[in-house]
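S.K.: Input: one structure, supplied below.
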Amino acid sequence: MSDSKWVSASMPYLTPREWGQGDAWGAEAAARGGKGGQRIVHVGEVPASDEVAALLGVAVGEAVVVRRRVIELDGLPVELTDTYYPTAIARGTRLAERGKIPGGAVTLLAELGHRGVRVREDVTARMPDPDERETLRLDTGEPVLRLNRVTLDEVGQPIQTDLIVMPAHRQRLRYEIQVG
């Protein structure tokens, strides 16, 4: 994948999977002839930062569940994803356990009665910090994209937020909007 651009759409990551299907990333990578995987770096409760608190609608410092992962394509790190959940939703579930979730977290959330119906994403570009540069195997001077996504349920309550960092030169984000 080196310097080729990967066109990524958000919709597959917001839709619960059918029984027996793998996660959306594995399916997307396989459809393009690659092998998608992820390394779970950390799972547990952490105090909500200012940013996470604002996105999830909780108090700063309130406990939230985080799943920190390195997303890989054919063994190359292509994305750093930290996904946060309110403890009222995630505590005591597989979301709060280290290990892969069959069908992905969106599928588990739906099984738990939390279906996302609206998503808000903000994308910015910046230079990576030293840890991001090392983990993503970037050269000096290569920027990253940062995508912040919050998923809301039918009453407008945040059920999940993702803070994603990806090499800018390897990504193109695609948004398709249907009106009406």
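S.K.: Is there any pair linking a residue in segment 46-74 that is on the phi < 0 side of the Ramachandran plot and modelled with pLDDT of 95 or more to one that is part of a helix (DSSP H, G or I) and among the charged types (D, E, K, R), with Cβ under 7 Å and at least six apart or on different chains, and which?
M.R.: That search, which allows pairs on different chains as well, returns Val60/Asp50.
S.K.: Within segment 159-180, which residues are under 14 Å from the mean Cα position of the chain (by Cα) and either part of a loop (DSSP other than H, G, I, E, B) or not hydrophobic (A, V, I, L, M, F, W, C) (or both)?
M.R.: Those that are under 14 Å from the mean Cα position of the chain (by Cα) and either part of a loop (DSSP other than H, G, I, E, B) or not hydrophobic (A, V, I, L, M, F, W, C) (or both): Gln160, Thr161, Asp162.
S.K.: Filter segment 106-146 for residues that are of a type in the set (Lys, Arg) and under 20 Å from Thr161 (Cβ atoms); which is modelled with the lowest pLDDT?
M.R.: Arg118
S.K.: Spot the failing condition for His169; the list is (1) in contact (Cβ under 8 Å) with a residue 40 or more places away in the chain; (2) in contact with a strand residue (DSSP E or B) (Cβ under 7 Å, 6 or more places away or on another chain), and only one is missed.
M.R.: Against the list (1) in contact (Cβ under 8 Å) with a residue 40 or more places away in the chain; (2) in contact with a strand residue (DSSP E or B) (Cβ under 7 Å, 6 or more places away or on another chain), His169 comes up short only on (2).
S.K.: Name the strands (runs of 3 or more DSSP E) wholly inside segment 60-158 in which the number of residues that are buried (at least 19 other Cβ atoms within 10 Å of the Cβ) and within 16 Å of the chain's Cα centre (by Cα) is 3 or more.
M.R.: So the answer is 63-73, 76-86, 144-152.
S.K.: For segment 83-105, give me each residue that is touching a strand residue (DSSP E or B) at 6+ places or on another chain (Cβ under 8 Å), at pLDDT below 95 and not charged (D, E, K, R).
M.R.: Selection gives Gly99, Ala105.
The values are calculated or read from the model by the stated rules, or taken from the named source; none is laboratory data. Source: prediction; values computed, not measured. Don't worry about glycine lacking a Cβ; one is built from the backbone with ideal geometry, like all the others, and counts go over all protein chains shown.
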